[in-house]
1. Tally time: how many residues in region 260-298 are in contact with a strand residue (DSSP E or B) (Cβ under 6 Å, 6 or more places away or on another chain) and surrounded by 19 or more Cβ atoms within 10 Å (Cβ to Cβ)?
2. Of the numbered conditions (1) part of a strand (DSSP E or B); (2) within 28 Å of Pro208 (Cα to Cα), Thr431 fails exactly one; give the number of that condition.
3. What are the residues in region 151-179 that are within 21 Å of Thr132 (Cβ to Cβ) and either hydroxyl-bearing (Ser, Thr, Tyr) or touching a strand residue (DSSP E or B) at 6+ places or on another chain (Cβ under 9 Å) (or both), if any?
4. Is region 367-381 home to any residue that is of a type in the set (Ser, Thr, Tyr) and under 24 Å from Ile434 (Cβ atoms)?
5. Report, ordered by the first and then the second residue, all pairs with beta carbons closer than 8 Å, sequence separation of six or more or different chains, a first member in region 139-156 that is touching a residue at least 24 places away in the same chain (Cβ under 8 Å) and over 18 Å from Ser13 (Cα atoms), and a second member that is among the acidic types (Asp, Glu) and crowded, with 16+ Cβ neighbours inside 10 Å.
6. Within region 500-520, track down each residue that is closer than 13 Å to Ser485 by Cα, surrounded by 15 or more Cβ atoms within 10 Å (Cβ to Cβ) and touching a residue at least 60 places away in the same chain (Cβ under 8 Å).
7. Got a sec? Which of Tyr154, Tyr141, Tyr106 is within 27 Å of the chain's Cα centre (by Cα) and either in a helix (DSSP H, G or I) or in the same structural domain as Arg65 (by TED's automatic domain parsing) (or both)?
8. Can you go through Ile133, Ile122 and tell me which one is assigned to a helix (DSSP H, G or I), of a type in the set (A, V, I, L, M) and closer than 22 Å to Ala24 by Cβ?
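The values are calculated or read from the model by the stated rules, or taken from the named source; none is laboratory data. Because the structure is predicted, anything quoted here is derived from the model rather than measured. Virtual Cβ from ideal backbone geometry, glycine too; neighbours counted across all protein chains shown.
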Amino acid sequence: MKNNKIINNALISVSNKTGIIEFARHLVQKNINLFSTSGTKKILDNEGIKSIHISEYTNFPEIMRGRIKTLHHKIYAGILSDPNKDQETMKLHEIIKIDLVVINFYSFSKISSKTELHHNDIIELIDIGGPTIVRAASKNYENVVVVVKPNNYYDIVQEMNVNNNKISQETRLKLANIAFQYVLNYDYGISKYFSNISNNTNSSSDLPKYLHYVFKKKQNLAYGENKHQKAGLYINLSNNYKIVQIQGKKLSYNNLSDADIAISCVQEFKKPTCIIIKHGNPCGAATSHDHISAYLSAYNSDPTSAFGGVIAFNSTIEEKAANVIINQQFVELILAPYITDSALKIFSKKPNIRIIKYCNQYNNTKQLNIQSINGAFLIQTSSFDVISQKDWKVVSKKLPTLKEKCDALFALKIVKYIKSNAIVYVRDLKTISIGSGQTSRIDAIKIATIKANENKVNLKKSTIASDGFFPFKDSIEIIAKQGTSCIIQPGGSIRDKEVIASVDQNAISMIFTKKRYFKH
């Protein structure tokens, strides 16, 4: 269909002044009449760009401390009109057809996050006219071009240059879609603010009745869990996604999934710690006096699984550690909050290795975890918490030593991130074998035992953490033969007495935490 809709009149009212002067000049050069609100008109006047104040057109002033600026029938009629149907009405009421709307408004999410602002001040900054005009122009996109993003100015000018001040229906529809999304994001920020202030008295563990998240695609990923699946990284616009890739191949779905687990797990620790993740599970972890020894201990826990894994540290990677890693193994991804220039130079010798820097405040105890199921979402609060030993209860006759308690705490921080059923063997603040993702607890123990045997690891005097209770004493009988000296588990089985009797018979200490850490 031929487009005969030449742009003659434009309404400009922008908070983000980026590029507006140059864009307005182009419009004036094309003999387009400009209408503007006070703030924008002042900017245009300072640059010698002629515009008509919107109040001059409506013959009605800005009132109520600026609350009423563009709320006038002549403006909305000019935007919502159809020239083929409304000519008589427009002539009768002296309404000018507005062909181009250029509007954006302050980011409410940024405004409401400013702690120095009083609630009443924040309320005053809620834009009413702007979003309403954008919605009206977007609804009538066949007759009005709506622009909310400065990065669209150049393309619009270029299209008008080619098409004699006309914009195609395809572009109009695209811009209307962008505008509706822009208003949606704006309203989401307001809704979130009101939800937060109205729920201040609620427990942090309460789940909201409604969720109004807005996600934006940050980047396309190399592929999904498998190469035939497409994948992308979408970020919640109300939160900062604080990881940055600084080297390596394009990230995949699995890379980022493993990276998220790795960062969350390694930030459980304050001393130099290394975590190695493979297919969503920790396969090696260690805390030591420096990152080199922590890395080597984590790697030696299960060298086979560590091949092609994701390695995470909780503080700076320096040159020596970088050298050790690339000489030790093939690695997909390395994560750290800080990486020295000399370390990056070493990693650059292996340009395919993905290197990511992450924010040290990655974890958020109030964060909701979302899992997609067919046609719905499962929502739960985060499992990240500060483990408190005051809730522990020693249930065995044999008391754990201080060393065993330290190992038990370390093991518990790791088992939280291992897929259920999960068992982790620890000695001297390092994993020595892990059994994960099994349909029974005894199978998890058997898998860990097989790995230990293959890696020629002695399990004597180790400490075991279990993500769930032991349903039978059969697991204890296997553990006893291995020489394990301490077990930490949530407890809560109907056969707890049998299990406790078995550890007492085998002189093993046992701690109940009263907290389960299943991970599916």
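1. Initial filter on region 260-298 (in contact with a strand residue (DSSP E or B) (Cβ under 6 Å, 6 or more places away or on another chain)): 261-263, 265-266, 269, 271, 273-278, 282-287, 291, 294-295, 297-298.
Now narrow it down to the ones that are surrounded by 19 or more Cβ atoms within 10 Å (Cβ to Cβ): 261-263, 265-266, 269, 273-278, 282-287, 291, 294-295, 297-298.
The number of residues fulfilling the criteria is 23.
2. (2)
3. Going through region 151-179, the residues within 21 Å of Thr132 (Cβ to Cβ) turn out to be 152, 172-173, 175-179.
Listed by number, the residues that qualify are Arg172, Leu175, Ala176, Ile178, Ala179.
4. The first filter runs over region 367-381 and keeps only residues of a type in the set (Ser, Thr, Tyr), leaving 372, 381.
Of the ones still in play, those that are also under 24 Å from Ile434 (Cβ atoms) are none.
No, region 367-381 has no match at all.
5. Listed by first residue and then by second, the contacts come to Asn143/Asp99.
6. If the condition is that a residue be closer than 13 Å to Ser485 by Cα, surrounded by 15 or more Cβ atoms within 10 Å (Cβ to Cβ) and touching a residue at least 60 places away in the same chain (Cβ under 8 Å), then Val503, Asp504, Ile508, Ser509, Met510, Ile511 are the ones that fit.
7. Numbers: Tyr154 fails: within 27 Å of the chain's Cα centre (by Cα); Tyr141 fails: within 27 Å of the chain's Cα centre (by Cα).
That would be Tyr106, the only listed residue that is within 27 Å of the chain's Cα centre (by Cα) and either in a helix (DSSP H, G or I) or in the same structural domain as Arg65 (by TED's automatic domain parsing) (or both).
8. Numbers: Ile122 fails: closer than 22 Å to Ala24 by Cβ.
On inspection, the qualifying residue turns out to be Ile133.
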